[in-house]
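All remarks here apply to the structure that follows.
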Amino acid sequence: MKMELGPIEKCISDVIHEDVVNKVKEKMHDEQIFYELAELFKVFGDSTRIKILWALDEAEMCVCDIASLLSMSQSAISHQLRVLRQANLVKNRKEGKVVYYSLSDEHVKLIFNQGLAHVNE
């Protein structure tokens, strides 16, 4: 079934509410901040990484345990953990020969849980 779209609405002038535009422009972040935020959200764009974040929200885990949980190779999990570490979403600690991973901080839990709440609405 083909959907018929109406004409695209256009403004007649360049700026209708100059005061609003200027107010928002004053608060606008530098381009670099928006770029870094977009890069952060890209990391959330992979379902394997999302599963890892969910698991680490439940408990601190090592690569072997995460691999077993997700039925994936340790190599594949290590790769995804490297991406998550580079984005400062997870941290690790070594205990003997075992490296344990956990979420970096409460911000990661908040971002994840807000996204999950939005999807479940």
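FYI, it's all coordinate maths here, none of it is from the lab. Remember, it's a predicted structure, so these values are computed and weren't measured experimentally. Cβ coordinates were reconstructed from backbone atoms using ideal geometry, including for glycine residues, and neighbour counts include every protein chain displayed.
Bridgeable aspartates and glutamates around residue 97 (alpha carbons under 17 Å apart, same-chain partners fewer than 8 residues away excluded): 60, 65.
Axis angle, to the nearest 10 degrees, between helix 18-27 and the longest C-alpha principal axis of the chain: 20 degrees.
Set against the labelled values (1) 22, 14, 14; (2) 30, 21, 12; (3) 40, 20, 12, semi-axes √(5λ) of the Cα gyration tensor in Å computed from this structure falls on (3). Taking a straight line from the alpha carbon of residue 27, these aspartates and glutamates sit under 20 Å away, with near neighbours fewer than eight places off in the same chain left out: 18, 19, 36.
So how do 9, 60, 39 line up by other beta-carbon neighbours within 10 Å, fewest first?
Numbers: 9 5, 60 14, 39 11.
Ranking 9, 60, 39 by Cβ neighbours within 10 Å, fewest first, gives 9, 39, 60.
Using the Cα centre of the chain as the reference point, and only Cβ charges (+1 on K/R, -1 on D/E), how large is the resulting charge dipole? Debye, rounded to the nearest 20.
Charge dipole, the chain, about its Cα centre: 620 debye, nearest 20.
With a threshold of 20 Å on the Cα-Cα distance, the over-threshold entries among 42/109; 51/109; 25/109 are 25/109.
Between the amide H of residue 90 and those of 85, 104, distances stay under 5 Å, these residues lying 5 or more places away or on another chain, with hydrogens modeled in the peptide plane. In this simple spin-label approximation, residue 20 and residue 78 carry label points 7 Å from Cα along the Cα→Cβ vector, and these lie 5.4 nm apart. Full extension of the segment from residue 94 to residue 31, taken as 0.36 nm per residue of separation minus the current Cα-Cα distance, would add 19.0 nm. The stretch between residue 5 and residue 118 holds 37.9 nm of extra length on full extension. This uses 0.36 nm per residue minus the Cα-Cα distance. Helix 74-86 and the long axis of the chain differ in direction by around 50°, with both axes built from C-alpha atoms. With respect to the chain, whose longest principal axis is taken over its alpha-carbon atoms, helix 47-58 is tilted by about 60°.
Between residue 64 and residue 44, what length in nm is gained on full extension when 0.36 nm per residue of separation is reduced by their alpha carbon distance? Show your work: numbers first, answer last.
Numbers: separation 20, 0.36 × 20 = 7.20 nm, distance 2.20 nm.
Contour length minus Cα-Cα distance gives 5.0 nm.
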